[in-house]
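These notes concern the structure reproduced below.
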Amino acid sequence: MDVQSAVTLTGTSIFNDNYVNGLLISTYGAVTLGSVSASNNGLGAGNGNGLDVANAAGTLARPVTLNGNYFLNGNEDQGLYLYSKGAVRSTT
């Protein structure tokens, strides 16, 4: 059974200078994010994304909504890695 738990971050969230990923979200539910700064991640480990969002594993397609401003610079791998079966919307 898939638990369709939504993830919501409002306001400004900062995930800079982490050993691997800045922010990793893995859920079966919808994802809604406010402004995110996720820069200079993964430099110690040799791999890592700034913002890594995955919600495609569930049986139902759930959306990902990106609101606000995003600063995803200088990460070892991608600034943004997004894997979803649902609609992806950006209001930026």
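The values are calculated or read from the model by the stated rules, or taken from the named source; none is laboratory data. None of these values were measured; they are calculated from a predicted model. Cβ: placed from backbone, ideal geometry, glycine included. Neighbour counts: every protein chain shown.
Residues in the stretch 82-92 that are buried (at least 16 other Cβ atoms within 10 Å of the Cβ) and either without any contact (Cβ under 8 Å) to a residue 24 or more places away in the chain or in a loop (DSSP other than H, G, I, E, B) (or both): SER84, GLY86. Residues in the stretch 60-92 that are closer than 15 Å to GLY22 by Cβ and of a type in the set (A, V, I, L, M): LEU66, LEU72, LEU80, LEU82. Can you tell me which of THR27, THR12, THR32 is touching a Pro at 6+ places or on another chain (Cβ under 9 Å) and without any contact (Cβ under 8 Å) to a residue 60 or more places away in the chain? Unique residue meeting the criteria: THR32. Here the condition is being among the polar types (S, T, N, Q), over 20 Å from THR91 (Cα atoms) and out of contact with any helix residue (DSSP H, G or I) (no Cβ under 8 Å at 6 or more places or on another chain); of THR32, THR27, it holds for THR27 alone.
Hey, among the residues in the stretch 30-81 that are among the hydroxyl-bearing types (Ser, Thr, Tyr) and in a loop (DSSP other than H, G, I, E, B), which one's modelled with the lowest pLDDT? Ranking the candidates gives THR59 first.
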